[in-house]
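Inspection log for the structure reproduced underneath, given as structure tokens.
No lab work stands behind these numbers, since they all come straight from the coordinates. This structure is a prediction, so every number in the text was calculated from the model and none was measured. No Cβ is skipped: glycine too gets one built from the backbone with ideal geometry, and neighbour counts run over all protein chains shown.
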Amino acid sequence: MLFHYEQDEAKKKALKETAINETIPYYMGRFDALAEKNKGHLALGRLTWADFYFTSFAPSFDPFTGEDTFAKYPNLQALIDKVHAIPAVKKGRAECIRFILSYGNLAFEDVRVPYEEWPALKPQTPFGFLPMLEHEGKKAHQSTAICRYLAKKVNLGGKDDWEDLEIDAAR
Ligand SMILES: N[C@@H](CCC(=O)N[C@@H](CS)C(=O)NCC(=O)O)C(=O)O
């Protein structure tokens with residue numbers, strides 16, 4: 001959603017129109033077809049972390065587009081509703097890593113960093129970004145790598161390299 005950061009109002013309007021009228025329909029149309037083909041999921045015809053990845057950021061579309069973005073994509077809307085209705089996921093709140101940890105019933109300490117504490121913490125993170133996973137005395141970064149690692153532990157990954165590829169391509 002690059003238009004969100006554009007300062008020039010005219011350019012911002014044009015970028016937003018392109019996003020709403022072209023980019024989002026292009027990708028969401030394809031993702032919707034994927035969900036239809038995969039029996040309501042994004043890959044492999046079953047629940048995988050690709051579903052968690054997508055449905056964790058899907059709610060952020062509406063504030064950008066100013067409309068009910070997924071009303072036009074019934075298979076995606078059904079997927080969002082289905083994942084968000086999983087009781088453990090409901091508690092995970094808004095982020096793929098938390099969805100996976102909660103879904104898999106993996107005990108974790110959910111640390112939210114207040115804005116004013118971030119400058120002091122930043123140098124202690126591997127690459128100066130969040131999210132970060134601390135596990136068995138080690139620190140990991142990059143949300144996708146963390147998701148893939150955790151998904152394997154709770155059976156939300158693929159059974160072989162090809163299945164992993166399908167999941168990666170769908171998220
Ligand atoms: N590629 C990274 C991007 C992480 C990222 O952009 N994190 C932002 C928050 S969503 C951040 O740490 N911003 C604080 C900063 O740049 O100081 C990932 O997927 O984990």
Suppose R0 equals 45 Å; then what is the FRET efficiency for residue 107 and residue 6 from their Cβ-Cβ distance, rounded to the nearest 0.05?
0.60
Listed pairs 37/90; 13/39; 16/138 exceeding 32 Å between Cα atoms
13/39; 16/138
Lysines whose Cα lies under 21 Å from that of residue 139, excluding same-chain neighbours fewer than 8 positions away:
122, 152, 153
Ranked list, fewest to most other Cβ atoms within 10 Å of each Cβ, for 102, 60, 143
60, 143, 102
Inverse of mean 1/r across different Cα pairs in region 2-169, Kirkwood, Å
17.6
Would you mind pulling out the separation of the Cα centroids of region 83-123 and region 24-69, in Å?
20
So how much slack lies between residue 159 and residue 145, counting 0.36 nm per residue of separation and subtracting their Cα-Cα distance, in nm?
3.3 nm
For region 2-84, convex hull of alpha carbons as volume per residue, Å³:
83
